[in-house]
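Please read the structure below before turning to the comments.
The values are calculated or read from the model by the stated rules, or taken from the named source; none is laboratory data. It should be emphasised that the depicted structure is a prediction, and the values quoted were computed from it without experimental measurement. Cβ placement follows ideal geometry from the backbone for every residue including glycine, while neighbour counts extend to all protein chains displayed.
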Amino acid sequence: MPYMEILMKRKLNLALWIVAAILAVVFLVSSTKVFVPKEKLAGMGGAASRWVEGFSPGALKAIGALEFLAAAGLIVPAALGIAPVLVPLAGTGAVLLFAGAVIMRLRRGERATIIADLAYLAMAAFVALGRFGPASFTRPTQRAAFSRARLHRIARRGLPDRG
């Protein structure tokens, strides 16, 4: 693999980690639905939180639990190296959660508050596609074979890599 291709994959991997971390924080904060009563949730965010009125307390707790699982699934498996295939699956679940949020906002006529959901939907799709595809954790990579010093040596000298 040429040096520039490896560098691009590392940049993609870094971007995927950053986006996954942002989504995990969003999901973690949003998962407070599990603990906060429905009435308090409805009054907390003004127009952006009116959607809560259309759901039962049990449904809100289920959504909050799914958001908590998404937050954990985007970071924990890859960080610990245990079942990293769960990361793109969590990304796919996040896409489904945000697609549901967009549909719900369209049905309720809340077009002004849909922009954030669309942005999060795009971020979740980026993580899911990136982790299923070019930056997959399960795909054998050259990462272990190329130390930073070795990559610099290859780039400086233009020599073929002989190990």
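General observations
- For residue 58: the one exception among (1) surrounded by 15 or more Cβ atoms within 10 Å (Cβ to Cβ); (2) of a type in the set (Gly, Ala, Ser); (3) more than 21 Å from the chain's Cα centre (by Cα): (1)
- Any hit, region 104-113, residues being under 19 Å from residue 29 (Cα atoms) and modelled with pLDDT under 90: yes
- When residues of region 40-80 are limited to those that are β-branched (Val, Ile, Thr) and either touching a Cys at 6+ places or on another chain (Cβ under 7 Å) or closer than 19 Å to residue 116 by Cβ (or both), the one modelled with the lowest pLDDT: 52
- Considering 137, 126, the condition of being outside any helix (DSSP H, G or I) and within 25 Å of residue 8 (Cα to Cα) is satisfied by 137 alone.
- Every listed requirement among (1) surrounded by fewer than 14 Cβ atoms within 10 Å (Cβ to Cβ); (2) over 22 Å from residue 117 (Cβ atoms); (3) out of contact with any helix residue (DSSP H, G or I) (no Cβ under 8 Å at 6 or more places or on another chain) is met by residue 37 save one, (3).
- Residue that is surrounded by fewer than 12 Cβ atoms within 10 Å (Cβ to Cβ), within 14 Å of the chain's Cα centre (by Cα) and assigned to a helix (DSSP H, G or I), where the choices are 14, 23: 14
- The residue list 162, 131 contains one member that is modelled with pLDDT of 85 or more and under 30 Å from residue 4 (Cα atoms), which is 131.
- Identity of the residue in region 79-132, of a type in the set (Lys, Arg) and either crowded, with 16+ Cβ neighbours inside 10 Å or farther than 17 Å from residue 51 by Cα (or both), that ends up farthest from the chain's Cα centre (by Cα): 105
- Lone unmet requirement of (1) in contact (Cβ under 8 Å) with a residue 12 or more places away in the chain; (2) surrounded by 13 or more Cβ atoms within 10 Å (Cβ to Cβ) for residue 76: (1)
- In the set (1) surrounded by 13 or more Cβ atoms within 10 Å (Cβ to Cβ); (2) part of a helix (DSSP H, G or I), the condition left unmet by residue 53 is number (1).
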